[in-house]
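Down below is the structure, laid out as structure tokens.
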Amino acid sequence: MNPDAGTPKNVAGRPLPDLQQSLRAISQLSRWKMLKELTCGEARTIAELAAVGGCSYESGIKHLQVLHRAGLLERGRGGVYQLVRQYLPTPGQPVVDFGHCLLRLDAAG
């Protein structure tokens, strides 16, 4: 029996992130700013993303954990984070397709 049989898929056939977790994850302006920073495709440190998000290092860790648990970010060695590769936008286009929704990250202050 295939455990992914009932899981919604995006156009590329990959499982979609959980809708409820995704909506919770993107509900904060600081997280939008962090996501926007990560649309370039480069990994960023917690300190860099906290600065971009306008929050303390400790708050930055919590925000990044929420995004990671929602399946929107990957965590790398050395405390760096990046967007999951399947969600990387076209270069120069801050629009991320999470399957359930499109985020226009240029609207994030």
>> Looking at Arg85, Arg75, can you tell me which residue is more than 13 Å from Ile26 (Cβ to Cβ) and touching a His at 6+ places or on another chain (Cβ under 6 Å)?
In response: Arg75
> When residues of segment 65-109 are filtered for being touching a Gly at 6+ places or on another chain (Cβ under 8 Å) and at pLDDT below 80, how many remain?
Replying inline: 1
>> Can you tell me how many residues within segment 27-65 are of a type in the set (Asp, Glu) and under 13 Å from the mean Cα position of the chain (by Cα)?
In response: 2
> Restricting attention to segment 66-84, does a residue exist that is within 12 Å of the chain's Cα centre (by Cα), part of a helix (DSSP H, G or I) and charged (D, E, K, R)?
Replying inline: yes
> Take the residues of segment 19-34 that are among the hydrophobic types (A, V, I, L, M, F, W, C) and exposed (fewer than 15 other Cβ atoms within 10 Å of the Cβ): which is modelled with the lowest pLDDT?
Replying inline: Leu19
> Which residues, counting only those in segment 35-64, are in a helix (DSSP H, G or I) and at pLDDT below 95?
Replying inline: Leu35, Lys36, Glu37, Leu38
> What number of residues within segment 91-105 are assigned to a loop (DSSP other than H, G, I, E, B), touching a Lys or Arg at 6+ places or on another chain (Cβ under 9 Å) and either loosely packed, with under 14 Cβ neighbours inside 10 Å or at positive phi (or both)?
Replying inline: 1
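The values are calculated or read from the model by the stated rules, or taken from the named source; none is laboratory data. All of these numbers come straight from a predicted model, not from anything done at the bench. Methodologically, a virtual Cβ is constructed for each residue, glycine included, from the backbone with ideal geometry; neighbour enumeration extends over all protein chains shown.
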